[in-house]
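To start, the structure under review is shown below, and the notes come after it.
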Amino acid sequence: MNDQWSDYLSIKEEPLSEVKSEMNFSGFHALSSSAEISDDELVSLTVRDLNRLLKNSGLSRSEIQRMKQRRRTLKNRGYAASCRNKRLEQKDELQYDRAIIVRDINNLKLENKALEQEVLQKKKNYESLKQYAISENIYIPPELDI
């Protein structure tokens, strides 16, 4: 362990220009240009355009597969969000429709009760008139006698 630390501590710092000159950045440029594709661009590209771009990028097969998988993941995420939004909109519409139907049902129940009260009142009036007719010996035709 001490040998590793001594090796690390004995490293001299070199100027950045010397380090850069020793590194090979030829493959890095292609990678960085493709890696700079934003998620929005990646999703909006057609498969044909993406394949053409990746083919000319100089990326390795695994990096290309990773980009394609990233695109598929983003697409699926978009589809899921779209489906979620559509489902929420449908739920809101159904809740609104249900509220209207419940309101209509309540209004019909109130109207029905009012009509039942009206029918009951008319029956009472009929019975009262019938009793008056009987007490006064007024003839009631059979079709009116219920």
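Within 30 Å of ASP145 (Cα to Cα), at pLDDT 95 or above and either more than 31 Å from the chain's Cα centre (by Cα) or not charged (D, E, K, R) (or both): does that describe LYS122? Steps first, answer last, please.
Values: within 30 Å of ASP145 (Cα to Cα): yes; at pLDDT 95 or above: yes; either more than 31 Å from the chain's Cα centre (by Cα) or not charged (D, E, K, R) (or both): yes.
It is true that LYS122 is within 30 Å of ASP145 (Cα to Cα), at pLDDT 95 or above and either more than 31 Å from the chain's Cα centre (by Cα) or not charged (D, E, K, R) (or both).
Considering only residues in region 67-86 that are more than 19 Å from the chain's Cα centre (by Cα) and not charged (D, E, K, R), the one that is surrounded by the most Cβ atoms within 10 Å (Cβ to Cβ) turns out to be MET67. In region 42-64, the qualifying residues are those that are touching a residue at least 12 places away in the same chain (Cβ under 8 Å) and not in a helix (DSSP H, G or I), and the one that is nearest to LEU74 (Cα to Cα) is LEU45.
A count restricted to region 87-145 and to residues that are touching a residue at least 12 places away in the same chain (Cβ under 8 Å) and loosely packed, with under 10 Cβ neighbours inside 10 Å stands at 1.
The values are calculated or read from the model by the stated rules, or taken from the named source; none is laboratory data. All of these numbers come straight from a predicted model, not from anything done at the bench. Every residue, glycine as well, gets a Cβ built from its backbone with ideal geometry; the counts of neighbours run over all protein chains shown.
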